[in-house]
Every structure is written in C-alpha cells, then in structure tokens.
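One structure below.
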Amino acid sequence: MDGGDLLETGVADSDGYWPEEPALMSYASLKEIEECPRRWALRRARYPALWRRSGYPPSVHLAALCGDIVHDTLEQLVGALVSNGCSSLRTEDAFGVLKALGGYSAVIGEMMEARLKVLTDNPRAVAQLPAVRTSLVNRIPLMRGQVQDLLSRTEIFPAAGSGTVPRSQDRAERTDLSVGSHAEVALRSIGLGWTGRVDLLTVTASGCEIVDYKTGAESEAHVEQILVYSLLWREDAESNPGRTSATRLQLRYPGADLDVPPLTSAQLDGFAVSLTDRTGAARDAIRARPPEARPGVERCSFCPVRQLCPEYWVFLDSATDVAAREGTDTSEPVVSAYGDIEVDIGSRRGPRSWDGVVIHSSVLASGSTIVLRSSEDGQVSEGTRVRIIRALLEAEGGGLGIASLTPLSESFHLRSDRDLESTFR
C-alpha cells in the first residue's frame, strides 16, 4: 500500500515512502536507530518501483545467512523438543523427534531453502542465488556442528500436558505461561511500548530462566538484549500475571555459555526508566524528514543502503578505508583496494571501458580522471553518474586510476533531474 511521506533518493527506481515508526519497539530496532536513524529508515521504507515488499531489498552476506539458518534450525528443533516434552537431546524421546524431522542436516536443508526462497524476488540477490546455494550446501557440516553443540547444552523442563503443548509462537491467545520450558516466547509490554522474542524461556516456581542462542562472537549488546528480555518478562501482564522476575539469564554461544547476572527489582526499575528515555529519543529521531545520518567508517562499511545516502558519499572523501589499507603504509599510493566510488561516466574507450571523473571515493582523489571497467553489459552507460559498491580501485603513483566492477560489485545509476549533492526531498 502506497502513501505516507514521499522519499526521493536521487537513485534511479529508488524513490518511495518513508516508513512509519514501529508500534512496539524491539531491541534490534533501538540499537539500529541509535547507531544511525537514516539507515533504519531507508532499510524499512517502501520502494514500489523495485519490488512489492516493504523495505529496501537486502544484500546477501554469506556469514550472516549461515547464522540465520543455524538460528532457524535451533528454533525448529527446540520447539519440537519442547512440544514433545523432551528434557534434553540424550533422551529416547528426543532421538525419536529428531528422527521424525529427518535429522540435523535435513532440518538445516529445509531452513536453507526457506531462506533462499525469500530471496527469489530480491532484485539484488537473484543473480547470486546459484552460487549462494552452492556455498551454503558446502557449509552444512559446519552449521550442523554448531547446532549440535548449542543443543547439547540445552536442558528442557517439560510443561504440564507436554506432548500436546503448542510452541509459544503458535498460541492463538496470549495467556500466562505454565511451569516448564517454552520455545520462541513473544514477550510484550504495552506500558513500555516494547516487544521481544525469547529463544527458550523456562518458568519455575519462583521466576523464570531465559536462554538466548547466539551464533556470533560475544558482545555487550547481547548482554543488554537479554536484560531487556528479563524486563519484558516482568512487565508482560499476560504471560507473567504474577510479575515474577528472571532468576537466571544465559547467552549460549558456540563452544561456551555466558551467564548474565539478573538485575534486582530496583535495578530493573531504573533500567526501565533508562529504556523509556532512549525509546523516546529514538522515536523522535526517526520522525524527522529526513532522519539524521551518522556516517562513520565501521558504521557505514556494511550498511546495505549506503548507496541511497548523500551524506555517506560526501563523508567518503575524508574516510579511511580501514579494511582495504590494513597492514599497509598509508603514506604510499594504494596499489589496489575494494571500495565504493561515485563517478561521472564520460566517453567510451572500448567495449567495456569508459573515461570517468571521480566525484566521491576514499581511495581515488575527487576530481581525478580514471578508467572505468565493467564486468558485463548494461552496468554503466555514457553520460551518466553512478554509485558503485565494492569496486576494485587501483591507484598508481602518477598514473591513471582504474575502477573495475567485479561480480561482487553493484552499480546504481543516479537521476539527472535533481541536485545530487543535496539531501533528500
């Protein structure tokens, strides 16, 4: 459905509508808004000329995709074990559940195909799908090992009536949770205006234990996130009408668990006040048109919508490409580095090469003349301005710079009917 505040990016086929603020805040949204309100908004805006779904088409990152598949598999398996009243992987019942599902590799394969299916209408990903599928299949043994490791340390306490208990996400109505383990619990606090989904929540006679599965490295953000879950548990009047507190919080990483000390009641009260203040500031930030951009080397390096952000491209001129220059003497000319570049395309030099003038780059000097080389037809055309993500940039002392589009590069043509140095309209 179209409507809302108009968003004009200046990138061809990428105008649309700014997103509405979320009805309920989540931890992932809060952190992203605090890092860069512009990124949060551009990722969730609607772009009807690109596709029918909401949000900007995401780029594919293999490591992140593997992490998602592992997490999806854990969700499926833990939910099945909980629903069938299994206490751990070591029981005969658990073996039967796994066998009925086809085993670890089968479930991983199903989750992989589900993730790939979502990408079939993604204009940024469709050409990469065959290669992505091959890479994922090769990583199934690694993902299987991670799943087995994480599940091997999971203890489940059957709830009353286990064997027929639906997973929490499948409940038709939100009611108080019985004593025992529950998978994928959606917590909600209308008073705080927050929601969150817990991987495994075990209700005890005196409170609850919360386990959150993580497939990456340890992070302070993970600690804060599970503390948020403990606050939501106390404040969720439907799931926890007795307002009991979490008695144990555990982050489960590949190879090790991290116990997070629960907050006292008074500490939770203070945490709630802080979270309310941060939520208000975040909502104010994304109501702005446009929301503020907060460019930074680490913040922008993996931003999936940086091609739409004018402030990023201006920032690029003074940014240091840390990843590209790591281990090199920055006083010497860069021989070659992957980086982003905005360039005006001049006359054609050959079948797939053009003269160009650099507008923005962290490697090649703005205003310098370069040779632009494409890897396939249709990526660039004479007399246009393009933004290229992950170009191979080569600069030689006293020589002509070269920017090459590789199979990993993406090119975005800019419209010629507006001032591209201005911000959004």
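The values are calculated or read from the model by the stated rules, or taken from the named source; none is laboratory data. Here the structure is a predicted model, which means the values were calculated and not measured. Please note: Cβ atoms are built from the backbone with ideal geometry, for glycine as well, and neighbour counts cover all protein chains shown. Only protein heavy atoms, including side chains, enter the accessible area calculation; ligands, DNA and RNA are left aside. Shrake-Rupley method; radii C 1.70, N 1.55, O 1.52, S 1.80 Å.
Suppose the filter is of a type outside the set (Gly, Ala, Ser), at pLDDT 95 or above and touching a strand residue (DSSP E or B) at 6+ places or on another chain (Cβ under 8 Å); does LEU263 pass it? Explain how you work it out, then say what you get.
Values: of a type outside the set (Gly, Ala, Ser): yes; at pLDDT 95 or above: yes; touching a strand residue (DSSP E or B) at 6+ places or on another chain (Cβ under 8 Å): no.
No; evaluated as a whole, the condition is false for this residue.
In the range 80-106, the residues that are closer than 20 Å to MET143 by Cβ reach residues that are outside any helix (DSSP H, G or I) and open to solvent by 50 Å² or more (accessible area, probe 1.4 Å) with C-beta atoms within less than 9 angstrom, at least six apart or across chains, in these pairs: ALA94/ASN84; VAL97/ASN84. Of all residues in the range 378-389, those satisfying the criterion of being touching an Asp or Glu at 6+ places or on another chain (Cβ under 7 Å) and either surrounded by fewer than 23 Cβ atoms within 10 Å (Cβ to Cβ) or without any contact (Cβ under 8 Å) to a residue 24 or more places away in the chain (or both) are ARG385, ILE389.
Select from the range 400-415 the residues that are over 22 Å from the mean Cα position of the chain (by Cα), open to solvent by less than 40 Å² (accessible area, probe 1.4 Å) and of a type outside the set (A, V, I, L, M, F, W, C) and list them in ascending order. Working first, answer last.
Filtering the range 400-415 for residues over 22 Å from the mean Cα position of the chain (by Cα) gives 400-407, 413-415.
With open to solvent by less than 40 Å² (accessible area, probe 1.4 Å) added as a condition, the list becomes 401-406, 414.
GLY401, SER404, THR406, listed by residue number.
What number of residues within the range 254-267 are more than 24 Å from TYR213 (Cα to Cα) and surrounded by 15 or more Cβ atoms within 10 Å (Cβ to Cβ)?
Residues of the range 254-267 that are more than 24 Å from TYR213 (Cα to Cα), as a first pass: 265-267.
Next, from what is left, pick out any that are surrounded by 15 or more Cβ atoms within 10 Å (Cβ to Cβ): none.
Of the residues in the range 254-267, 0 are more than 24 Å from TYR213 (Cα to Cα) and surrounded by 15 or more Cβ atoms within 10 Å (Cβ to Cβ).
If only residues of the range 209-227 that are over 23 Å from ASP72 (Cβ atoms) and free of Cβ contacts under 8 Å to residues at least 40 places away in the same chain are counted, the one that is surrounded by the most Cβ atoms within 10 Å (Cβ to Cβ) is VAL223. Against the list (1) open to solvent by 50 Å² or more (accessible area, probe 1.4 Å); (2) under 22 Å from GLN146 (Cα atoms), the condition LEU6 fails is (2).
Looking at the structure I just gave you, is GLY4 in contact with an Asp or Glu (Cβ under 7 Å, 6 or more places away or on another chain) and of a type outside the set (Lys, Arg)? First the steps, then the outcome.
On the way: in contact with an Asp or Glu (Cβ under 7 Å, 6 or more places away or on another chain): yes; of a type outside the set (Lys, Arg): yes.
Against the criterion (in contact with an Asp or Glu (Cβ under 7 Å, 6 or more places away or on another chain) and of a type outside the set (Lys, Arg)), GLY4 qualifies.
Within this structure, SER404 fails the test of being of a type in the set (S, T, N, Q), closer than 30 Å to TYR17 by Cβ and modelled with pLDDT of 90 or more. Among the residues of the range 301-310, write down those that are at pLDDT 95 or above, part of a helix (DSSP H, G or I) and not charged (D, E, K, R). Scanning the range 301-310 gives GLN307, LEU308, PRO310.
Matching residues to (1) open to solvent by 30 Å² or more (accessible area, probe 1.4 Å); (2) charged (D, E, K, R); (3) more than 21 Å from the chain's Cα centre (by Cα); (4) within 27 Å of ALA282 (Cα to Cα):
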| site | (1), (2), (3), (4) |
| --- | --- |
| SER14 | no, no, no, yes |
| ALA28 | yes, no, no, yes |
| ILE33 | no, no, no, yes |
| ARG43 | yes, yes, no, yes |
| ALA49 | yes, no, yes, no |
| ARG53 | yes, yes, no, yes |
| CYS66 | no, no, no, no |
| VAL70 | no, no, no, no |
| LEU81 | no, no, yes, no |
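Quick one: which of SER347, SER361, SER368, SER375 is of a type in the set (Gly, Ala, Ser), in contact (Cβ under 8 Å) with a residue 24 or more places away in the chain, touching a Gly at 6+ places or on another chain (Cβ under 7 Å) and farther than 22 Å from CYS309 by Cα?
Sole residue among the options that is of a type in the set (Gly, Ala, Ser), in contact (Cβ under 8 Å) with a residue 24 or more places away in the chain, touching a Gly at 6+ places or on another chain (Cβ under 7 Å) and farther than 22 Å from CYS309 by Cα: SER368.
Might you let me know whether the range 162-170 holds any residue that is at pLDDT 95 or above and open to solvent by 20 Å² or more (accessible area, probe 1.4 Å)? Let's see the steps before the verdict.
Residues of the range 162-170 at pLDDT 95 or above: none.
Taking every residue of the range 162-170 in turn, none turns out to be at pLDDT 95 or above and open to solvent by 20 Å² or more (accessible area, probe 1.4 Å).
Only one of TRP51, TRP40 is more than 30 Å from VAL223 (Cα to Cα) and of a type in the set (A, V, I, L, M, F, W, C). Can you tell me which? Talk me through it step by step, then tell me what you get.
Numbers: TRP40 fails: more than 30 Å from VAL223 (Cα to Cα).
None of the other options fit; the residue is TRP51.
Candidates in the range 229-246 are the residues that are out of contact with any Ser or Thr (no Cβ under 9 Å at 6 or more places or on another chain) and surrounded by 15 or more Cβ atoms within 10 Å (Cβ to Cβ); of these, the one that is nearest to GLN146 (Cα to Cα) is TYR229. Taking the conditions exactly as written (over 30 Å from VAL305 (Cβ atoms), touching a residue at least 12 places away in the same chain (Cβ under 8 Å) and surrounded by fewer than 14 Cβ atoms within 10 Å (Cβ to Cβ)), does GLN76 satisfy them or not? The answer is no for GLN76. Just a yes or no: is a residue in the range 108-119 over 30 Å from PRO407 (Cβ atoms), modelled with pLDDT of 95 or more and over 20 Å from the mean Cα position of the chain (by Cα)? For the range 108-119, residues over 30 Å from PRO407 (Cβ atoms), modelled with pLDDT of 95 or more and over 20 Å from the mean Cα position of the chain (by Cα): absent. Of the numbered criteria (1) in a helix (DSSP H, G or I); (2) open to solvent by less than 20 Å² (accessible area, probe 1.4 Å); (3) out of contact with any Leu (no Cβ under 8 Å at 6 or more places or on another chain), the one GLY270 fails is (2). The residue that is surrounded by the most Cβ atoms within 10 Å (Cβ to Cβ), counting only those in the range 112-146 that are under 25 Å from TYR253 (Cα atoms) and basic (Lys, Arg), is ARG139.
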